[in-house]
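The values are calculated or read from the model by the stated rules, or taken from the named source; none is laboratory data. All values reported here derive from a predicted model rather than from experimental measurement. Heads up, the Cβs are rebuilt from the backbone with ideal geometry, glycines too, and the neighbour counts pull from every protein chain shown. For the accessible areas, the whole protein counts, side chains as well, though only heavy atoms, and no ligand, DNA or RNA atoms are used. Shrake-Rupley method; radii C 1.70, N 1.55, O 1.52, S 1.80 Å.
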Amino acid sequence: HTRSSLVCGLGDVYKRQVFPDTALKVSEVLLQQEQSGALADITSQEQFADKVGDLMRQYSGDGHLNLALIAEQGGVSHRLKETEERKINNFAFEQARILPGNIGYLKLHKFWQAEEAHKVGHGALVFLSHSDHIVIDLRHSGGGSPQLVQYLISHFVPEGIVLWDLLDRNGKSTEQIRSLAVPDSELLKTKPLYILQGEELVSAGEFFSYTLQQLGRAVVIGETSAGLAHYTGAAQVNDWLFVRIPMYRPVNPVTGTNFEGVGVQPNITVSSEMALYTALRLANKGS
């Protein structure tokens with residue numbers, strides 16, 4: 001009885017998802033699974049989060065969807081708790097250096113939601129602004145903050161350009177995200193820009209490469225990314241469980257769509273291992 005009411009409660013919470021039809025379908029599937037006894041072997045909270053979470057991802061086709069334990073995550077939040085050192089240290093900015101041929105290179109593992117991350121990113125880009133070409137390496141990057149994406153993109157494009165629109169579950173525009181005024185970024189606005197990506201690049205990292213690619217501002221090199229485009233929110237289900245679900249759909253003004261389910265297609269497709277070599281070869285040819 002307790003599991004049945006939990007499944008019903010989860011179904012109700014999930015109905016806030018950005019696509020009403022998908023929300024309804026997944027809610028119905030959960031009830032069918034419970035009624036058929038398919039969830040009867042679940043004996044712990046961890047098992048429930050894992051098994052039902054897998055089931056919901058399978059039927060929604062949404063890689064962002066995630067069932068999580070409140071105690072394990074330290075509260076209800078759309079942000080994943082990081083354990084990897086490279087995604088924690090220095091707000092995930094690992095390297096800013098000048099490579100041979102005066103090529104600026106920035107390696108980033110996550111887009112942190114923190115004012116300090118803005119400062120570190122700005123400092124790194126200003127440091128690289130006297131190079132002839134810039135390479136931004138997102139091959140091992142996760143997701144993160146759309147605000148940091150917006151801010152970093154603003155270093156490379158004029159102020160006031162529409163980067164994407166945010167639509168709610170009714171298809172109504174709730175916000176228009178535009179490029180910002182950034183000091184000390186004039187030199188960066190004309191530098192040839194290359195973005196490296198791998199197949200595991202998700203969410204915020206994909207926003208960065210997709211938006212600059214569609215503006216004709218960057219050449220994307222590497223593999224097709226994972227394809228997780230939606231803005232995620234968190235909703236509490238009960239006193240120990242919450243769900244991360246897509247709540248807003250971003251739309252690119254150039255394409256009229258986004259990269260959900262299809263990923264960001266590179267301009268130059270090579271293996272992740274060959275992406276940096278390819279960018280350096282292109283930059284040296286263009287010097």
inquiry  = Please compute the contact order of the chain in relative form: average sequence separation of alpha-carbon pairs under 8 Å and at least six residues apart, divided by the residue count, as a percent.
reply    = 19
Pair-distance profile P(r), taking every C-alpha pair of the chain, with 5 angstrom steps and integer % = 1, 6, 12, 15, 17, 15, 11, 9, 6, 4, 2, 1, 0, 0
ask   = Farthest toward the dipole's positive end in the chain, which of Leu282, Gln32, Ala68, given Cβ charges of +1 (Lys, Arg) and -1 (Asp, Glu) about the Cα centre?
value = Leu282
message = Charges on Cβ only, +1 for Lys and Arg, -1 for Asp and Glu, centred on the Cα centroid of the chain; of Gly160, Gln176, Thr83, which one is farthest towards the dipole's positive end?
response = Gly160
query = Hey, if we sort Ser272, Ser36 by accessible area with the 1.4 Å probe, largest down, what's the order?
reply = Ser36, Ser272
query = Over 19 Å between Cα atoms, which of Lys87/Lys119; Lys110/Lys191; Lys107/Lys191 qualify?
reply = Lys110/Lys191
remark   = Per GNM of the chain with C-alpha springs under 10 angstrom, the most fluctuating residue out of Lys15, Lys110, Lys81 is Lys81
remark   = Magnitude of the Cβ-charge dipole (Lys and Arg +1, Asp and Glu -1) of the stretch 31-158 about the Cα centre, nearest 20 debye, reported as 460
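With both partners inside the stretch 128-287, how many of the DSSP beta bridges are antiparallel, as a percent to the nearest 5?
Values: 14 of 24 bridges.
Antiparallel bridges make up about 60 percent of those DSSP assigns within the stretch 128-287.
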DSSP bridge orientation in the chain - percent antiparallel, rounded to nearest 5 = 60
key: Theoretical gain in end-to-end length, Tyr277 to Glu72 [0.36 nm per residue, Cα-Cα removed]   = 69.7 nm
query = If you place +1 on the Cβ of every Lys and Arg, -1 on the Cβ of every Asp and Glu, and leave all else neutral, what size is the dipole of the stretch 150-287 about its Cα centre, to the nearest 20 Debye?
reply = 340
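Determine the calculated [θ] at 222 nm for the chain from helices alone, applying -39500 (n - 2.57) to every DSSP H run no shorter than 4 residues and normalising by the residue count; nearest 500 deg cm²/dmol.
-10000 deg cm²/dmol
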request  = Return the single residue from Ser173, Ser203, Ser154 with maximal mean-square fluctuation; model: Gaussian network over the chain, springs between Cα atoms under 10 Å.
outcome  = Ser173
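Tell me the Kirkwood hydrodynamic radius of the stretch 149-287 in angstroms, computed as one over the mean inverse distance between distinct C-alpha pairs.
Numbers: mean 1/r = 0.0615 Å⁻¹.
Result for the stretch 149-287 stands at 16.3 Å.
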remark   = Expected max-MSF residue from Asn258, Asn170, Asn102 in the GNM of the chain (alpha carbon, under 10 Å) is Asn170
inquiry  = Taking a virtual spin label 7 Å from the Cα of Asn267 along the C-beta vector, which residues in the stretch 208-232 bring their backbone nitrogen under 16 Å of it?
reply    = 208-224
